[in-house]
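What follows is calculated from the coordinates using simple rules that are stated; it is not laboratory data. As the structure is a prediction and not an experimental result, all values here were calculated from the model. Cβ sites come from the backbone with ideal geometry, for glycine too, and all protein chains shown count toward neighbours.
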Amino acid sequence: MRLEGQRLRSRAGSVGGLGLTVLATSAMGYVLLVLAGLHLSPAENAVFLGFWGLLMGVGSAFSPLEQELSWQTAVAGGKPDSGALRTFAVTQTIAVVIAAALAVPAVSTRLFDQHRVLALVAGCGIVAFPALYGLRGLFIGAGHTGRYSAVLLAEAGVRLACFAALVLAGAGNLTWLAVAVAAGSGAWLLFGFRVRGLVEPGPPAEAWGPLWRRMLGLSLSAALTASVLTGYPAVVKLVAPPGSEEALSGLFLAVSLLRSPLLLVLAPIQSLAVPTVVRVLQQPDGARRLRRLAAVGAAGTLGTGLVVAAVAYVAGPWVFHLLYRDKFAVSPWTMAGLGWSGTALAATMLTVAALVARKQTSRVVVVWAVVAGLSLGVLLVAPGGILVRAVLGATVAPTAGLGVALVLVTAVRDQRPR
């Protein structure tokens, strides 16, 4: 009994420490984006936010590697087989292909025009992401929350420290600030020596074919997720009429401030949720407990979303005016809609973790296809101006996606993970 109590206290302490780490990394992400908005001109900041969205959006498409390795590690009891290395190799190959595509002159010019060197900088950061996510997945799956927290802090800290140093030194032009942001993806180099001994050298249990199909499916779902998070400004810009940049500039900044740190926060929490769901389903009443957790989470999302929306409505425009004066303007209803949508997206990501834990890749893709497709549909056919449609797309789509995710988690008979 005493031993069980010690284990519970240890687990609670680990979760609490990870929670503080997540708050710290989120705060550093906010500070960086605020500094960019203050330091750069509106036109430069728009380009920077496009770069940020590309780097973080494509990088987040590799976050399933973290969840997959955390799942493999949890199921194996602490050390996955060499299939973990295969999983990393698949993800790294995808990253290299994307980086090579960004280096094509026609692509880089289309993305950044005269600032096309930013596409190359983004490519370098993208290539470094798989090792970062892989290391995090191995650490959290094995229960090394201290090491995992250190990697999270290093990633966000390197970005902010390099960014702030360049600004203070007077060398904060657009290109070098982008390099500072991309440098955070290489923070795993500080911890690479810790990987030794975390993977069993034996033969993998899974063949290349199923592994490729699953990882491509998970990466596709993550890319769809990114299209409504960090990549949402780019999606809006594709369908917006010419000359809408000034009207949308405040919305783009608000989306970046509210959703980019959200992605940084939820990726580690979702990875923690995956092995937790595995352990819940391994219990005799695991299916019933999971459905109960989903119901409680849905009720909590409704209450939290309403509170967040109300706070955003009241405080959001005031905060923007305090930070930027009249440089950017965002209406109260826009802030309220983004506050609600952020809560719905957070709940959707955590609910999807249950599908990831059960290796139901196709259902994960279905959830995010609904969110991304509905978001684009609202942008294209909803009445009103582009700003109204953009806010509606950001609000309606995640709400519908959460409903679909809850149905898929609770309406299907659970099976114990293999």
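Assorted remarks:
- Compared with the dominant principal axis of the Cα atoms in the chain, helix 83-102 is inclined by about 20°.
- Note on the chain: helix-only mean residue ellipticity at 222 nm, from DSSP H runs of 4+ residues weighted -39500 (n - 2.57) and normalised by residue number, equals -28000 deg cm²/dmol.
- Partners for residue 79 among lysines (Cα-Cα distance below 22 Å; same-chain residues under 8 apart left out): 359
- C-alpha long axis of helix 245-281 to longest principal axis of the chain, angle in °: 0
- Once you reduce the range 38-84 and the range 366-405 to the center of their Cα atoms, the two points are 23 Å from each other.
- Gyration tensor verdict on the range 76-160 (Cα atoms; rounded if a/c is under 1.5, prolate if a/b is larger than b/c, oblate otherwise): oblate
- Counted by neighbouring Cβ atoms within 10 Å, the residues 325, 279, 147 run from fewest to most as 325, 279, 147.
- Net charge, residue 213 excluded, C-beta distance under 12 Å - Lys, Arg +1, Asp, Glu -1: +1
- Relative contact order of the range 13-410, taken over Cα pairs closer than 8 Å and 6 or more residues apart, is 21 percent.
- The chain: angle of helix 2-39 to the longest principal axis, Cα-based, in degrees nearest 10: 20
- Cα shape, the range 168-247, gyration tensor, a/c 1.5 rule: oblate
- Cα centroid of the range 299-347 to Cα centroid of the range 131-183, whole Å: 27
- Those lysines that a straight Cα-Cα span of less than 29 Å connects to residue 327, excepting residues fewer than 8 apart in one chain: 237
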